[in-house]
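Peer 1: I am attaching a structure below and will ask some questions about it afterwards.
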Amino acid sequence: MRYSGFRVIAEALTGHKGWKPVWRDPTPQADYDIIIIGGGGHGLATAYYLAKEFGQARIAVLEKGYLGGGNVGRNTTIIRSNYLLDGNEPFYEFSLKLWEGLEQDFNYNAMVSQRGIINLIHTDAQRDAATRRGNAMILNGADAELLTREQVRAMYPWLNFDNARFPIKGALMQRRGGTVRHDAVAWGYARGADLRGVDLIQNCEVTGMRIENGRILGVETTRGYIGAKKVGVAVAGSSSKVMAHAGMRLPIESHVLQAFVSEGLKPLIDGVMTFGAGHFYVSQSDKGGLVFGGDIDGYNSYAQRGNLPVIEDVAEGGMALMPAIGRVRLLRSWGGIMDMSMDGSPIIDKTHVEGLYFNGGWCYGGFKATPASGWCFAHLLANDRSHETAKAYRFDRFLKGLMIDEKGQGAQPNLH
Amino acid sequence: MIIHHPILGPRDSQEFVYLGDASLIDRPDGMTAGLEAFHDYAYNRTNPAGEHRELWYHEQGDRSWLVVTRNTVTHEITRVELARDVARKQGRTK
């Protein structure tokens, strides 16, 4: 069924009796050409583009829980392409361009809202760094704009411009950045993949991999053995657990990142704002809640919940920037598990096992990457070589000294 | 999280800085180990879900390095040792 305004009106006039389940609930077949492990944003996008753009068939997505129940349902919904380094910026700009056409492409309302993102500047050195970053973005076909203090004040007059430690001196702005309804991204890709014949198999945990003579034959699951010519793993957060089935140790640690939403308020922030110096970023949802977060907790965790010190730190950052929110009540907080890689950048690559491919290491930046990650992973699975914009996301970059370290922190995942 | 420091007793984890897997104690010998061994040491991690031995540094305390055994699924801490003692038990001289 194709969705349209006409369809909504027609259904409204006939008592909404024509809506059908959005995807099937198939039982797994004995084997597939391609199995994607992980029914989150990246896995579903991969299956969708494999079927739609790369002419592949007989595809299954295996999901341990329910579709979109992991990080695609736990992030703070921001999209942007404001990266500095050559290995990253073309990829993220490709992703932002895909976001811009996504809803028409998969015929689903994902509420893509290009409301603009600003990164605040407090010092001359930060202004220099922001100028450099902005120029790198423009060179790669993205948009960037340096705002003065007065331009920021015109947008958000109620910010604390004269904080003694971090006075606001300007901002780097990307107007094409914004937010997207995160769950709808998973649902839209799932529906698009299902319509093209992909089997979306839920409650199906991968418990092992059958590998013989260096080649993958299939996967053991809680719903039995399923054969496959190729297997793609897109389970960021649990990558180390799944890839251990293939005997691999990854350049990744799992960390918990918390996020928060306040009670609903009247319109206050129409864009996205990051206060890097204060470890705080915020946007406002269409329901009025302030959606915000800060740093990862900083220790290995698979718990999907964090501890109070980071909540306190984030609240302090928020108060330093926006004293007006002092009496706003928190509605809820939650945590998601991040694949923190050794240079803060992702991996989309083949493995030493023939037919086994890996997509992970997204740190806390995976949501904005969803379309390009799916596209590039599908490209790799279908053609056996990397997509042009994802060439740098290799496993061996650590061995060869080709790290993509935006923050220059070195092999210390909890600092990226 | 409360870390039971072997010398100072119960301390808030906020006083500590986290480094990572305690296997970082076992740095390969720079004169004999090859590139692959150092690559594996510096970049690859077992990253288990469950019991994890890890290095914490008591920066806002006595500046000792600790090896903390903690469950990464529940955050429960079951054992805390001085990293010095652990290293010496493994044959290191300091």
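The values are calculated or read from the model by the stated rules, or taken from the named source; none is laboratory data. Because the structure is a prediction, the values reported are computed rather than measured. In this analysis, Cβ positions are derived from the backbone assuming ideal geometry, glycine residues included, and neighbour counts consider all displayed protein chains.
Peer 1: Could you check the stretch A:108-145 and list, in sequence order, the residues that are among the β-branched types (Val, Ile, Thr) and closer than 24 Å to A:His279 by Cα?
Peer 2: Correct list: A:Ile117, A:Ile118, A:Ile121, A:Thr123, A:Thr131.
Peer 1: Would you confirm whether any residue within the stretch A:22-38 is under 16 Å from the mean Cα position of the chain (by Cα) and over 23 Å from A:Val282 (Cα atoms)?
Peer 2: Checking the stretch A:22-38: at least one residue is under 16 Å from the mean Cα position of the chain (by Cα) and over 23 Å from A:Val282 (Cα atoms).
Peer 1: Run B:Val17 past the list (1) within 13 Å of the chain's Cα centre (by Cα); (2) modelled with pLDDT under 95; (3) of a type in the set (A, V, I, L, M, F, W, C) and report the number of the one that doesn't hold.
Peer 2: So B:Val17 meets the others, but not (2).
Peer 1: If you don't mind, another one. Quick one: count up the residues across the stretch A:239-259 that are farther than 24 Å from A:Phe292 by Cα and at the interface with chain B (Cβ under 10 Å from one of its Cβ atoms).
Peer 2: Step one: filter the stretch A:239-259 for residues farther than 24 Å from A:Phe292 by Cα, giving A:239-252.
Pick out the ones that are also at the interface with chain B (Cβ under 10 Å from one of its Cβ atoms) and you get A:239-241, A:243-244, A:248-252.
Selection size over the stretch A:239-259: 10.
Peer 1: Can you tell me which residue is nearest to the other protein chains (Cβ to nearest Cβ) among those in the stretch A:262-284 that are under 18 Å from the mean Cα position of the chain (by Cα) and in contact (Cβ under 8 Å) with a residue 60 or more places away in the chain?
Peer 2: Checked the stretch A:262-284; the qualifying residue nearest to the other protein chains (Cβ to nearest Cβ) is A:Tyr281.
Peer 1: While we're here: Pairs, please: C-beta under 7 Å, at least 6 apart or cross-chain, first residue among the basic types (Lys, Arg) and in the stretch A:1-30, second assigned to a loop (DSSP other than H, G, I, E, B)?
Peer 2: A:Arg2/A:Asn107; A:Lys20/A:Met1
Peer 1: Could you pull out the residue among A:Gly326, A:Gly360 that is in contact (Cβ under 8 Å) with a residue 12 or more places away in the chain and either in contact with a helix residue (DSSP H, G or I) (Cβ under 7 Å, 6 or more places away or on another chain) or assigned by TED's automatic domain parsing to the domain that holds A:Tyr189 (or both)?
Peer 2: Checking each option against the conditions leaves just A:Gly360.
Peer 1: Additional query: Check A:Asn109 against each of (1) within 18 Å of A:Ser285 (Cα to Cα); (2) in contact with a strand residue (DSSP E or B) (Cβ under 9 Å, 6 or more places away or on another chain); (3) polar (S, T, N, Q) and name the one condition it does not meet.
Peer 2: (2)
Peer 1: If you don't mind, another one. Could you tell me whether A:Tyr48 is among the hydroxyl-bearing types (Ser, Thr, Tyr), buried (at least 24 other Cβ atoms within 10 Å of the Cβ), out of contact with any Pro (no Cβ under 7 Å at 6 or more places or on another chain) and assigned by TED's automatic domain parsing to the domain that holds A:Tyr364? Explain how you work it out, then say what you get.
Peer 2: Details: among the hydroxyl-bearing types (Ser, Thr, Tyr): yes; buried (at least 24 other Cβ atoms within 10 Å of the Cβ): yes; out of contact with any Pro (no Cβ under 7 Å at 6 or more places or on another chain): yes; assigned by TED's automatic domain parsing to the domain that holds A:Tyr364: yes.
Yes; evaluated as a whole, the condition is true for this residue.
Peer 1: Quickly run through the stretch B:1-18 and pick out the residues that are among the hydrophobic types (A, V, I, L, M, F, W, C) and facing another protein chain (nearest Cβ under 8 Å). Please lay out each step first, then the result.
Peer 2: First pass over the stretch B:1-18, keeping only residues among the hydrophobic types (A, V, I, L, M, F, W, C): B:1-3, B:7-8, B:16-17.
Within the stretch B:1-18, B:Met1 is the sole residue that qualifies.
Peer 1: Please go through the stretch A:69-84 and pick out each residue that is closer than 21 Å to A:Asp295 by Cβ and either without any contact (Cβ under 8 Å) to a residue 24 or more places away in the chain or out of contact with any helix residue (DSSP H, G or I) (no Cβ under 7 Å at 6 or more places or on another chain) (or both).
Peer 2: Result: A:Gly70, A:Arg74, A:Thr76.
Peer 1: Take the stretch A:286-306 and flag every residue that is in contact (Cβ under 8 Å) with a residue 60 or more places away in the chain and away from chain B (no Cβ under 12 Å).
Peer 2: Hits for the stretch A:286-306 are A:Asp286, A:Val291, A:Phe292, A:Gly293.
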